[in-house]
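Asks: Could you have a look at this structure, given as structure tokens, before my questions?
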Amino acid sequence: MEDTVNTSMRKVVYEEFGDRDVLQLVDALVPEPQAGQVLVKVHGAGLNPIDWKTRKGLGFVAKQLSEQDLLPWTPGYDLAGEVVSVGDNVNTLVPGDRVMGLAGFALTGGSYASYALAQADELAIVPENLDLVTAGALPLAALTAWQALFEVADLQSGQKILIHAGAGGVGHLAVQFALTQGAHVIATASKDHHDFLGRLGVHEIIDYTTTDVAQECFGLDVVLDLVGSDAGRRSLNCLGEKGVLVTVPTVTADVIICAAEAMGLRAHGMTVRPDVFHLEEIAELIEDGDVTVHIEKVFSLVEVAAAHELLEGGHVCGKLVLDCRD
């Protein structure tokens with residue numbers, strides 16, 4: 001194992017919850033991998049809505065960080081990069097491997113850094129046709145889409161599915177996964193993103209700013225709700241008798257599930273989990289050219305506050321990612 005103890009790195013931390021100005025870029029020592037761990041030189045770290053919500057003190061993760069006195073904390077779960085060294089009992093990866101993963105989920109975090117630790121069993125090999133900065137944006141969004149579609153909804157070929165926010169980070173991957181499964185895909189997006197979804201192969205695109213999906217869609221097999229709140233609740237009217245709605249935003253999940261029960265319909269919430277086998281299946285689709293990861297903008301570590309500003313605003317087409325290389 002390489003001696004990295006005296007090597008310095010940069011990482012983002014915050015010592016308290018708050019607005020973007022709590023984000024600090026600091027120097028630190030490169031950590032040393034323990035048994036079962038891998039040290040990764042991070043090229044790309046994906047940005048996800050949970051990042052800014054936690055930074056503001058919202059949600060389950062922030063509550064746990066506060067209760068367990070885990071601040072200061074380095075955010076970030078998505079990472080891709082090169083293996084630098086491995087701890088004891090790691091025999092699946094070696095230095096130089098190109099890897100990606102959903103690492104440190106949910107209380108460890110740590111990917112907003114030039115080096116990060118991950119469990120070896122959280123990491124998958126990155127396809128050669130995917131650069132490492134782009135790969136860093138993939139794991140959390142891709143696993144969310146994959147697990148929602150194929151574990152919770154059990155999407156089958158020939159079924160009709162409505163995907164809300166189809167041009168977003170999770171959405172643009174979900175529409176591609178559904179298309180590879182042979183589903184008929186309907187997606188909502190603002191007018192600015194219709195051409196993007198058309199290029200991905202979406203069959204029907206609905207402008208949610210002008211059209212009520214409940215008046216347009218009937219008898220659907222699956223609804224993937226990535227918006228929550230009233231949009232998710234009204235989408236229950238789009239389901240067929242045996243259809244199912246999967247809602248991802250946790251804040252409004254209980255309300256939507258209760259509404260579904262009152263209507264005699266099925267609705268489920270979900271929480272993503274690390275799964276390297278799913279990530280490997282997704283990597284194969286990328287390698288074969290069936291799925292692409294769209295990056296709207298790349299930020300450096302020093303630009304992390306600007307990245308969070310764009311992330312908080314919503315309406316991102318595809319993903320945002322930090323380039324963590326020095």
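Asks: For residue 153, work out the one condition from (1) touching a residue at least 60 places away in the same chain (Cβ under 8 Å); (2) buried (at least 21 other Cβ atoms within 10 Å of the Cβ); (3) within 21 Å of residue 294 (Cβ to Cβ) it doesn't fulfil.
Replies: It fails just one condition, (3).
Asks: If you don't mind, there's one more thing I want to ask. Among the residues of the stretch 167-179, is there at least one that is polar (S, T, N, Q), farther than 24 Å from residue 279 by Cα and out of contact with any Pro (no Cβ under 7 Å at 6 or more places or on another chain)?
Replies: No: zero hits.
Asks: Kindly check whether there is at least one residue in the stretch 10-20 that is in a helix (DSSP H, G or I) and either touching a strand residue (DSSP E or B) at 6+ places or on another chain (Cβ under 7 Å) or outside the structural domain of residue 123 (by TED's automatic domain parsing) (or both).
Replies: There is no residue in the stretch 10-20 that is in a helix (DSSP H, G or I) and either touching a strand residue (DSSP E or B) at 6+ places or on another chain (Cβ under 7 Å) or outside the structural domain of residue 123 (by TED's automatic domain parsing) (or both).
Asks: Of the residues in the stretch 211-250, how many are surrounded by 15 or more Cβ atoms within 10 Å (Cβ to Cβ) and among the basic types (Lys, Arg)?
Replies: Selection size over the stretch 211-250: 2.
Asks: Could you give me the residue pairs with C-beta distances under 6 Å whose first residue belongs to the stretch 228-250 and is at positive phi and in the same structural domain as residue 53 (by TED's automatic domain parsing), whose second residue is part of a loop (DSSP other than H, G, I, E, B) and of a type in the set (S, T, N, Q) wherever it lies, and which are 6+ apart or on separate chains?
Replies: From residues that are at positive phi and in the same structural domain as residue 53 (by TED's automatic domain parsing), there are no pairs.
Asks: Within the stretch 153-168, identify whether any single residue is in a helix (DSSP H, G or I), under 22 Å from residue 214 (Cα atoms) and of a type in the set (A, V, I, L, M, F, W, C), and answer yes or no.
Replies: No: zero hits.
The values are calculated or read from the model by the stated rules, or taken from the named source; none is laboratory data. These numbers come from a predicted model, not from an experiment. No Cβ is skipped: glycine too gets one built from the backbone with ideal geometry, and neighbour counts run over all protein chains shown.
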